[in-house]
1. Condition check: in contact (Cβ under 8 Å) with a residue 40 or more places away in the chain, among the hydrophobic types (A, V, I, L, M, F, W, C) and surrounded by 21 or more Cβ atoms within 10 Å (Cβ to Cβ). Does MET120 satisfy that?
2. Between a first residue in segment 1-20 that is part of a helix (DSSP H, G or I) and a second residue that is modelled with pLDDT of 95 or more and aromatic (Phe, Trp, Tyr), which pairs have beta carbons less than 6 Å apart while being 6 or more apart in sequence or on different chains?
3. State whether one or more residues within segment 62-85 are touching a Ser or Thr at 6+ places or on another chain (Cβ under 8 Å), part of a strand (DSSP E or B) and closer than 20 Å to ASN126 by Cβ.
4. Any residue that is under 18 Å from the mean Cα position of the chain (by Cα), part of a loop (DSSP other than H, G, I, E, B), more than 18 Å from ILE146 (Cα to Cα) and of a type outside the set (A, V, I, L, M) - is there at least one of those in segment 103-116?
5. Does segment 8-53 hold any residues that are among the small types (Gly, Ala, Ser) and either closer than 20 Å to ILE101 by Cβ or at pLDDT 95 or above (or both), and which are they?
6. Among the residues of segment 54-61, are any part of a loop (DSSP other than H, G, I, E, B) and out of contact with any helix residue (DSSP H, G or I) (no Cβ under 9 Å at 6 or more places or on another chain)?
7. If I go through segment 26-41 residue by residue, how many of them are surrounded by fewer than 23 Cβ atoms within 10 Å (Cβ to Cβ) and closer than 23 Å to GLY230 by Cα?
8. Of all residues being hydroxyl-bearing (Ser, Thr, Tyr) and out of contact with any Gly (no Cβ under 8 Å at 6 or more places or on another chain) in segment 70-120, which is farthest from LYS132 (Cα to Cα)? Just the residue, please.
Amino acid sequence: MRILSVGDLIGESGLNKANEIVLELKEKENIDFIIVNGENVAEGMGITFKHFNRILSMGANVVTMGNHTWAKKDIFNFIDHEKIIRPANYPEGVPGKGYIISNCKNKKICVVNLMGRTEMGILTENPFIIGKRLIENLKREVDIIIVDFHAEASAEKVAMGNYLDGIATIVYGTHTHVQTADDRILPNGTAYLTDIGMTGPKNSVIGMNIEASLKRFVTSLPERYKIADGDCIFNGCIFDINDETCQVDRINRLYL
């Protein structure tokens with residue numbers, strides 16, 4: 001089985017780039033299952049129903065979210081849709097769900113969304129405790145468990161990978177928009193990558209306009225972020241999963 005995970009979509013241009021590349025990859029690389037992080041697709045913050053439907057139209061099986069989950073009020077109209085999840089460690093009672101179980105090629109695939117706490121500025125439950133408890137319960141009923149850990153600190157992501165090594169099939173990070181080169185199989189068999197990167201404007205500051213970003217850093221004055229113009233890059237990862245062992249045999253990072 002081949003699973004494609006697509007890095008954070010940045011705005012309309014990132015969505016257009018993903019649509020172009022994903023449809024091509026699906027056929028060329030025989031992709032069976034697609035996960036897309038969509039929390040930045042609506043003007044860089046949040047998601048609307050229109051954007052959600054466009055992501056589904058490119059073949060996405062699951063859309064994951066993160067710290068900008070609630071940035072657009074429209075989200076409350078479809079947060080309970082069967083193909084979208086938000087971080088599972090949001091406080092109890094928050095709308096939506098933190099995981100999805102899907103059927104693919106006679107296998108049950110569970111995708112879990114978690115969010116880090118280091119430098120994120122959002123009050124959430126402990127992702128380590130919530131994540132492990134959730135996965136320990138789910139692993140009895142599924143064949144493959146994939147975790148999108150939406151977090152700022154590389155150390156927190158590496159720690160999570162090791163914490164879930166042997167009980168999750170795949171753990172990868174989102175949120176920083178910078179693809180890392182540390183893809184590997186951990187000692188107990190879990191496939192790991194600190195961040196799969198972004199799909200959005202290439203000449204930018206993690207997708208945002210360079211001049212606006214520099215003004216914030218140089219002057220410390222408030223400046224509204226806006227999405228950069230120009231050509232886009234596509235970041236993601238293909239995981240080859242052995243149909244017999246349900247473990248990852250190969251990780252292929254994508255920077256297109």
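The values are calculated or read from the model by the stated rules, or taken from the named source; none is laboratory data. Note that the structure is a prediction, hence the values are computed from the model and not measured. Counting neighbours? That spans all protein chains shown, and the Cβs are built from the backbone with ideal geometry, glycine included.
1. no
2. Note: pairs meeting the criteria are LYS17/PHE234.
3. Yes, the conditions are met somewhere in segment 62-85.
4. There is no residue in segment 103-116 that is under 18 Å from the mean Cα position of the chain (by Cα), part of a loop (DSSP other than H, G, I, E, B), more than 18 Å from ILE146 (Cα to Cα) and of a type outside the set (A, V, I, L, M).
5. Within segment 8-53, GLY11, SER13, GLY14, ALA18, GLY38, ALA42, GLY46 qualify.
6. Checked segment 54-61: at least one residue is part of a loop (DSSP other than H, G, I, E, B) and out of contact with any helix residue (DSSP H, G or I) (no Cβ under 9 Å at 6 or more places or on another chain).
7. Total satisfying the criteria: 0.
8. SER102
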